[in-house]
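*Asks:* Just dropping this structure here.
The values are calculated or read from the model by the stated rules, or taken from the named source; none is laboratory data. Since the structure is predicted, the reported quantities are computational estimates derived from the model, not experimental observations. Here the Cβ positions follow ideal geometry from the backbone for every residue, glycine too, while neighbour counts run over all protein chains shown.
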Amino acid sequence: MNFAKKSLGQNFLIDKNIINKIIDLTTIGSRDIIEIGPGEGALTEEILKRKPRSITVIEKDNKLAEKLKIKYHKNNLVKIYNADILKFNIEKIISRSSAIFGNLPYNISSQILVSILRVKKYPPKFNDLIFMFQKELGEKIIGSYPSLHYGRLSILVKYRFNILKKFLVSPNCFFPKPKINSMVIHFQPKKKIPFNIRKIENLEKVTNILFSNKRKMVNKNLKKLLNDSEIKEISDLKVSLRPSELRPEIFYKITEIFERK
């Protein structure tokens, strides 16, 4: 077992029951699999037992990537990239009906999720996205309107993804043990979206501006995005509400109008 690097947010998943529970969320056989942050390959090893068509792993840690290359140098099914996922064009390696797994570093997990959300071609080629986050972040991702955890991240995620399943993972399942619980979430891209937002980055901008003053009415910040006549187009928008009191559909409508400029 390698020594985990705090700088890379490494916590290695070692519980085989949890590993199999993650893999059981979708079918593996004859599919192309992508794994982000494989670490020492505990999940990789179990995925290979399910006979995928191929598995591509992306590992930032130089030593771990080299170790995986040595381990799988005779296995033609495995391709290893020693790369930073936030600087890596994952769309180039995604094939049709593939699945993406990731036991993500806690310190950049939200950034990785958003980078996947930003895929240029939509619907994307992958059918399943199965990621592990720290529990607190996971709750923000799945937060429904209206709830304590509802906010920017859940609005962004639920624009493009359905959330199929989720479950918690104890710190005892990792080495070294993190101080918090984790959450595995299974996403699937939506086939049809009832709103026409051309660039997901514009939805990011809209939610960022409107949530910049969480406890205040959206009236002032909304005027940074739309003029008065444009605001009146959204008949079910009450500008006296706080951002957390607006349904996700309102943010999507605001973004559609904002993109007309």
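*Asks:* Tell me which of these MET132 doesn't satisfy, since it passes every other one: (1) in a helix (DSSP H, G or I); (2) within 12 Å of the chain's Cα centre (by Cα).
*Replies:* (1)
*Asks:* Go through (1) within 27 Å of LEU210 (Cα to Cα); (2) at pLDDT below 95; (3) crowded, with 18+ Cβ neighbours inside 10 Å and name the single condition PHE187 misses.
*Replies:* Answer for PHE187: the failing condition is (2).
*Asks:* Same structure again: Can ASN172 be described as outside the structural domain of ARG96 (by TED's automatic domain parsing), assigned to a helix (DSSP H, G or I) and modelled with pLDDT of 95 or more?
*Replies:* For ASN172, the condition - outside the structural domain of ARG96 (by TED's automatic domain parsing), assigned to a helix (DSSP H, G or I) and modelled with pLDDT of 95 or more - is not met.
*Asks:* Identify, from the list ILE22, ILE112, the residue that is touching a strand residue (DSSP E or B) at 6+ places or on another chain (Cβ under 9 Å), buried (at least 21 other Cβ atoms within 10 Å of the Cβ) and among the β-branched types (Val, Ile, Thr).
*Replies:* From the options ILE22, ILE112, the qualifying one is ILE22.
*Asks:* I've got another one for you. Among ILE197, ILE130, ILE141, which is touching a Ser or Thr at 6+ places or on another chain (Cβ under 9 Å) and over 27 Å from ARG247 (Cβ atoms)?
*Replies:* Exactly one of ILE197, ILE130, ILE141 is touching a Ser or Thr at 6+ places or on another chain (Cβ under 9 Å) and over 27 Å from ARG247 (Cβ atoms), namely ILE130.
*Asks:* Quickly run through region 221-256 and pick out the residues that are within 14 Å of THR207 (Cα to Cα), part of a helix (DSSP H, G or I) and not acidic (Asp, Glu).
*Replies:* The answer is ASN221, LEU222, PRO243, SER244, PRO248, ILE250, PHE251, TYR252, LYS253, ILE254, THR255.
*Asks:* Filtering region 103-129 down to residues that are in a helix (DSSP H, G or I) and not polar (S, T, N, Q), which residue is nearest to HIS186 (Cα to Cα)?
*Replies:* Per the criteria, the residue is LEU113.
Residue-wise test of (1) over 16 Å from the mean Cα position of the chain (by Cα); (2) not in a strand (DSSP E or B); (3) not assigned by TED's automatic domain parsing to the domain that holds ILE22.
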site: SER144; (1), (2), (3): yes, yes, no
site: SER147; (1), (2), (3): yes, yes, no
site: LEU156; (1), (2), (3): no, yes, no
site: TYR159; (1), (2), (3): no, yes, no
site: ILE163; (1), (2), (3): no, no, no
site: PHE167; (1), (2), (3): no, no, no
site: LYS177; (1), (2), (3): yes, yes, no
site: VAL184; (1), (2), (3): no, no, no
